[in-house]
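No value in this document is a laboratory result; all are computed from the given coordinates. As the structure is a computational prediction, the values presented were derived from the model and not from experiment. With ideal geometry, Cβ positions are generated from the backbone for all residues, glycine too; neighbour counts draw on all protein chains shown.
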Amino acid sequence: MNYNKTTVDYSNLPEWVTFLRDDLNLKGVGIGLIHILPGKGYKFLHQHEEQEEVYFILDGKGIIHVDGEDVAVAKGDVVKINPEGKRAVKATDNSDLVAICVGGVPKNGYPHYTDSLSLIDDGIPDYDNPPYWYADDDDVKSLLKRLKEKRAERTRNK
């Protein structure tokens, strides 16, 4: 069989990001289905070593914060971000944001870590500087500290 198929209910996606790596046995492209509730957003900025990302906005409104600039997005928009672009995504206060994020995989492949949830794990998270919408949130800062420690431990054990 030269294909894999899954069915997605885009109107009922779980909150945050759903990766399709396992469902489709992906090896050459990373796909994330994004559902962000109104007023919510990524808790940290990130960039990539090699991977550029393309965001297809399926529904709702929000922003993609890239290198300090808010790029307004709405249904029908497509935004490509270079690997070095430091980014985070946020829904507007009165709208969910539903999108597909796609990134290509280099020939030598990913993932780097066997326990990685996503196919493309060359992300460089910035756990020290949350996006401005969470800059004063102590719970988010505490979460980012734990994530930073966990990543450091995983890197040491690589």
Relative exposure of 81, 124, 100, judged by other C-beta atoms within 10 Å (fewest first): 124, 100, 81
For peptides 7-18, 24-35, sequence by mean Cβ density within 10 Å, most packed first: 24-35, 7-18
Rough spin-label spacing in nm, given labels placed 7 Å along Cα→Cβ, for residue 2 and residue 153: 4.6
Highest-fluctuation residue, 88, 135, 74 considered, GNM on the chain with Cα pairs under 10 Å: 135
Descending principal axes extents, the chain, alpha-carbon based, whole Å: 49, 41, 26
Electrostatic dipole magnitude of the chain [Cβ: Lys, Arg +1; Asp, Glu -1; Cα centre; debye, to 20]: 460
Normalised contact order of the chain, rounded percent, pairs of Cα under 8 Å and 6 or more residues apart: 27
